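S.K.: Pasting a structure here, questions to come.
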Amino acid sequence: MKSLFIAINRNKINYILFAFLLIMLVLEIINQHFSMNDFKVYFCAAENFKNGKPIYGQLFSLGSGYYKYSPFAALIFIPFTYVSYFIAEIFFYLISSIAIFYVFNSTLNWIKKSSDLLSAKNIFYISLFGFLVVAVHLQRELHLGNVNMILLAILIYTWQKIESRDFILSGFLLAFVILFKPHFVILLPLLLLRKEWKMLGWLLVALVSFSAISFIYTGFGNGLQLMIDWKNTMLLHNEATSGNEQTIYFMAHHYLLRYFNIGSSIFVNAALIILCGIFVFAFVLFHFKNEKQNQQIIFRNYFLEYFLLIGLVPCITVTDTEHFLYSIPVLLCLISFLYQHKLPIYLVVMVSFFLILFGIKVTGVIGNYWADVYLEHGLLGISNLMLLLAFTGFSMLKVKLKD
């Protein structure tokens, strides 16, 4: 942790992040856009939970303003309800800002430690390019008041605890994240492959403990009904998976399956998830073959596998565009790889193209029409998948280069 604070002091990207966060907060308040509609859902659900009112099936905000998270997650937001909504927004914006600093600096610190070839100047350029790629998604995340950057920061800290073999804290932290967004059960197969039995045991203890807290708060009968309501809400939310333009389900149907008269179905979606699982499984097995009981290489590979799965989450679940911020560690590592290795120009151009495509959805730059085309054809999801593939390929190439 001390090394992280030293890195924060030395990294010039923090001045840019600070300016971005401050300017955006001021503009949001001045222009009366400081509504944080996603945070409003958490806030209102917590207020209802505190007062014994329903939290599921209630429209708390604009758009899909229904509460879709666990009862335990609603408990976490109850402290915000003891101040005015505006003050709560400010506090939440501050927490999100700290998370953004933490995500960038922790990832850059890991990149710096894993390579002796990068100077402070290189790190700054890597972080600047990475920031520009994700800036439009950060803006949306902060405007809506979502929890993605906070959860990503917790996932990064969870990784650090895994690396230091703190099984208890890593298990409790991952349980906390899963109770916010169950999509992160995607990490469980990796933990099984890596034989993290102690962490998985503590993860189970934490899931039961956290769930028990909500039962104690509401009483067993009400708690059980809330869990059933949560399950039904999640199922209803996920029914839209095949129509979400950034998912692998939409991409497979829109660009391939419809030409063979294969419609969307739960079996097709399951097959696509299995294909993704086989791909990641092969990636992990490739790492196993090249680790040779070297702890430094094992944890380097483990890091890459862990964040590859996290970056894959937005492509297999119903999401909004800001959820692609989960790919930040992958993007920064990918950009650093471009800096460290002399690659064929066509690979540099290809990766740069998809990095730009990932972050180009700025209506003021490309216009409303092209912004709609961008989303309707799943170009964000495609760019994310291509960057994940490049990340996988480059990390495998790096292993070969080391050999």
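The values are calculated or read from the model by the stated rules, or taken from the named source; none is laboratory data. Owing to the predicted nature of the structure, the values given are computational and were not obtained by experimental measurement. Cβ: placed from backbone, ideal geometry, glycine included. Neighbour counts: every protein chain shown. Protein only, heavy atoms only, side chains kept; ligands, DNA and RNA dropped before computing areas. Shrake-Rupley method; radii C 1.70, N 1.55, O 1.52, S 1.80 Å.
S.K.: If I ignore ligands, DNA and RNA and count only protein heavy atoms, how much of residue 355 is accessible to a 1.4 Å probe, in Å² to the nearest 10?
M.R.: 0 Å²
S.K.: For the pairs 181/289; 12/113; 40/231; 195/292; 40/181; 68/361, note any where the Cα-Cα span goes beyond 23 Å.
M.R.: 181/289; 68/361
S.K.: For a protection proxy built on the mean count of beta-carbon atoms within 10 angstrom, sort 164-177, 210-223 highest first, please.
M.R.: 164-177, 210-223
S.K.: Starting from the Cα-Cα distance between residue 193 and residue 125, subtract it from 0.36 nm times their residue separation and give me the gain in nm to one decimal.
M.R.: Length gained between residue 193 and residue 125: 20.9 nm.
S.K.: Then there is this: I'd like to verify something in the chain: which complete DSSP H helices, judged by Cα projection on the helix axis, reach 30 Å or more and average at least -0.5 on the Kyte-Doolittle scale?
M.R.: Those that clear 30 Å and a mean of -0.5 are 85-114, 120-144, 197-218, 266-291, 295-316, 379-402.
S.K.: First measure r as the distance between the Cβ atoms of residue 228 and residue 350, then evaluate 1/(1 + (r/R0)^6) with R0 = 51 Å and state the FRET efficiency to the nearest 0.05.
M.R.: The pair residue 228/residue 350 has a calculated efficiency of 0.60.
S.K.: Out of the total accessible area of the chain (probe 1.4 Å, heavy atoms of protein only), what percent is carbon and sulfur?
M.R.: 68 percent
S.K.: Give the share of C-alpha pairs in each 20 angstrom bin for the chain, from 0 to the last occupied bin, in whole percents, shortest bins first.
M.R.: 25, 60, 14, 0
S.K.: At 7 Å along Cα-to-Cβ for each site, give me the label-to-label distance between residue 289 and residue 23 in nm.
M.R.: For residue 289 paired with residue 23, the spin-label model returns 4.9 nm.
S.K.: Another question, then. Just to confirm, what accessible area per residue do you get for the chain at 1.4 Å probe, in whole Å²?
M.R.: Ligands and nucleic acids excluded, the result is 47 Å² per residue.
S.K.: Set the Förster radius R0 to 35 Å, insert the Cβ-Cβ distance between residue 204 and residue 85 as r into 1/(1 + (r/R0)^6), and round the FRET efficiency to 0.05.
M.R.: Calculated value: 0.45.
S.K.: Further question on the same structure: Could I have the simple spin-label model distance between residue 373 and residue 35, label points 7 Å from Cα toward Cβ, reported in nm to one decimal?
M.R.: Result for the modelled spin labels: 2.9 nm.
S.K.: Roughly speaking, what is the stretch gain from residue 216 to residue 262, that is 0.36 nm per residue apart minus the C-alpha to C-alpha distance, in nm to one decimal?
M.R.: Extra length from residue 216 to residue 262 when fully extended: 11.8 nm.
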